[in-house]
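The block underneath contains the structure these notes are about, expressed in C-alpha cells.
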Amino acid sequence: MRTSKNLGELKILAKSIRKNVIEILVPSVSHHIGCSLGIIEILTVLYGNVMKIFPKDPKNVDRDIFILSKGHGAVALYSTLYNLGYFKKKLLMSYDAEGTIIPEHASTNVPGVEVSTGSLGHGLPIGLGFSFSFLRDDKKNKVFVLMSDGELNEGSNWEAIQYAGHHKVNNLTIIIDKNNFQGLSDTKSVIDLDPLDAKFKVFGWNVIEVDGNNIEELLKVFSSKISSNTSRPLCIIANTVKGKGVSSMEGKFESHYKSLSKEVKEQIINELS
C-alpha cells in the first residue's frame, strides 16, 4: 500500500499528471481534453492521499474503490494510475492507438480501472452496489464515484441517490465535477439542476461544496469526511474549471472535445513544464 503524500508532494504529482495528459494525446485526433484537465486535482488527492490503494496488487481485497462515471475523462485517470505505479509508461503512451488496451473511455483492461464507463449514468448505481455489499459484509472499504454535472441529467443517478440516502449508505462518496458545461452546451441551458445541494440534502445526503482545483481545500474536505462518524453518504460538489492549467483552454466550452496539432501540443507541454 502506498504512503500518503503531503501537500507539496501532491502539487508535484498534479503537475506531472497534467503534463502526461497532454503528452499522450495523438496529434490531429479529437480527444476529451478540457474535461480531463479539470479533474486532475481531485484524482491527485484521492489517489495520493485519501484512498487505500495497492498499485502493485490492484485487486487487493482491502482496497478502496474508485469509479470514473464520466468515462470520457479517462486520459486523466490513466495518467494518475501511471504516476502512482500501476503500470509502465510504455502502456500509457499507447493511449488510443490501434490495438491498444488503453482506449479513449475508461476500460477495465487497464490495471487499476474498476469499471468500464463511457455511457453516462452507470457509475453511481454500480458504486452503490459496491458500497451496499461492503456494508452488508461489515467491510471497511470505501467507495468514491467521480461524475460530471451534465451526467446528472440521467435518471438512473437519481434512483441511486434516493436509495443511498434512504438506506444510509455511509461508505459512499460522490464527487460532482461541476464545470457548468456538457457535451452540447452549458448545463443551465440544457437542464438547470441548481441548487444541487438542496436536492441531495432532501434525499438524506451530507453535502460539501469545494474548489475542485484547490488541493489544500480538497484535503480538508476529505479529511473531515473520513474522520467523522456520520450515518449519511457524502456528496462533494467540486467547482472546477474545464481545461484547468492550460491557458488557451481554461473555462472554454470548446476544450471539451478537440484536437491539437503537433505544434500546439508541444507549446502546451512547454507551458506545463
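For the pair L196 and I12, what calculated FRET efficiency results from E = 1/(1 + (r/R0)^6), where r is the Cβ-Cβ distance and R0 = 22 Å, to the nearest 0.05?
Result of the calculation: an efficiency of 0.10.
Return the aspartates and glutamates within reach of K52: Cα separation strictly under 15 angstrom, same-chain partners fewer than 8 residues apart disregarded; answer none if there are no such residues.
Of all the aspartates and glutamates, those that pass the test against K52 - Cα under 15 Å, at least 8 places apart if same chain - are D62, D64, E114.
Helix-only estimate, please: 222 nm mean residue ellipticity of the chain, summing -39500 (n - 2.57) across DSSP H runs of length 4 or more and dividing by its residues, to the nearest 500.
Computed ellipticity for the chain at 222 nm equals -10500 deg cm²/dmol.
List the aspartates and glutamates whose Cα sits under 12 Å from the Cα of K188, skipping any in the same chain fewer than 8 residues away.
D149
Counting Lys +1, Arg +1, Asp -1, Glu -1, what net charge surrounds F253 among other residues with beta carbon under 9 Å of its beta carbon?
Every neighbour counted, the sum reads 0.
Kindly list the residues of segment 60-97 that lie in the label zone of V26, defined by a backbone N under 14 Å from the point 7 Å along the Cα-to-C-beta vector.
93-97, by backbone N distance to the label point.
Placing +1 on the Cβ of each Lys and Arg and -1 on the Cβ of each Asp and Glu in the chain, which of G204, L218, G155 has its Cα farthest towards the positive end of the resulting dipole?
Positive-end residue among those listed: L218.
If one takes the longest principal axis of the Cα atoms in the chain, at what angle in degrees, from 0 to 90 and to the nearest 10, does the Cα axis of helix 123-136 lie?
Result, in degrees: 40.
How about segment 71-118: which GluC sites (Glu not before Pro) there are in a DSSP loop, with at most 14 other Cβ atoms within 10 Å of their Cβ?
When the GluC sites (Glu not before Pro) of segment 71-118 are filtered for loop state and at most 14 Cβ neighbours within 10 Å, E98 remain.
Quick one: compute the contact order of segment 101-243, relative version, from alpha carbon pairs under 8 angstrom and 6+ residues apart, as a percent.
23
Rank the residues S69, S273, S79 as a footprinting-exposure proxy: fewest other Cβ atoms within 10 Å of their Cβ go first.
Exposure proxy ranking, most exposed first: S273, S79, S69.
I need the phi-derived Karplus couplings for segment 236-253: 6.51 cos²θ - 1.76 cosθ + 1.60, θ = phi - 60°, integer Hz, Gly and Pro marked x.
These are the phi-based 3J(HN,Hα) values: 9, 8, 9, 6, 10, 10, 4, x, 3, x, 10, 4, 7, 10, 4, x, 9, 4 Hz.
Students often get this wrong, so try it: which of [x] 0.95; [y] 1.34; [z] 1.01 is Cα Rg over 2.2 N^0.38 Å as calculated from the structure shown?
Given [x] 0.95; [y] 1.34; [z] 1.01, the structure-derived one carries the label [x].
Using Cα pairs under 8 angstrom and six or more residues apart, how large is the relative contact order of the chain, in percent?
24
Can you work out ³J(HN,Hα) from phi for every residue in segment 179-184, in order, using Karplus 6.51 cos²θ - 1.76 cosθ + 1.60 and θ = phi - 60°, giving whole Hz and x for Gly and Pro?
9, 6, 10, 9, x, 10
What's the local net charge at S69, with K and R +1, D and E -1, over the other residues with C-beta under 15 Å away?
Computed value for this residue: -4.
Using θ = phi - 60° and the Karplus form 6.51 cos²θ - 1.76 cosθ + 1.60, what ³J(HN,Hα) does each residue of segment 74-88 get, whole Hz, x for Gly and Pro?
4, 4, 6, 5, 4, 5, 5, 4, 4, 5, 8, x, 6, 7, 7
Tell me, which longest segment in the chain has none of the trypsin sites (Lys or Arg not before Pro) that fall in DSSP loops with at most 16 further Cβ atoms within 10 Å?
Result for the longest clean stretch: 169-251.
Mind checking which aspartates and glutamates have their C-alpha under 18 Å from K220, skipping anything on the same chain fewer than 8 residues away?
E9, E41, D177, E209, D211
Let's see if you can work this out: charge +1 on each Lys and Arg Cβ, -1 on each Asp and Glu Cβ, no other charges. What is the dipole magnitude of segment 7-272 about its Cα centre, in debye to the nearest 20?
680
Got the relative contact order for segment 1-110 handy, in percent, Cα pairs under 8 Å and 6 or more residues apart?
Over segment 1-110, the number comes to 29 percent.
Where a number appears in this text, it was derived from the coordinates with a stated rule and is not lab data. If you're wondering where the values come from, they're calculated on a predicted model, not measured in any experiment. Note that we place each Cβ from the backbone using ideal geometry, even for glycine, and neighbour counts take in every protein chain shown.
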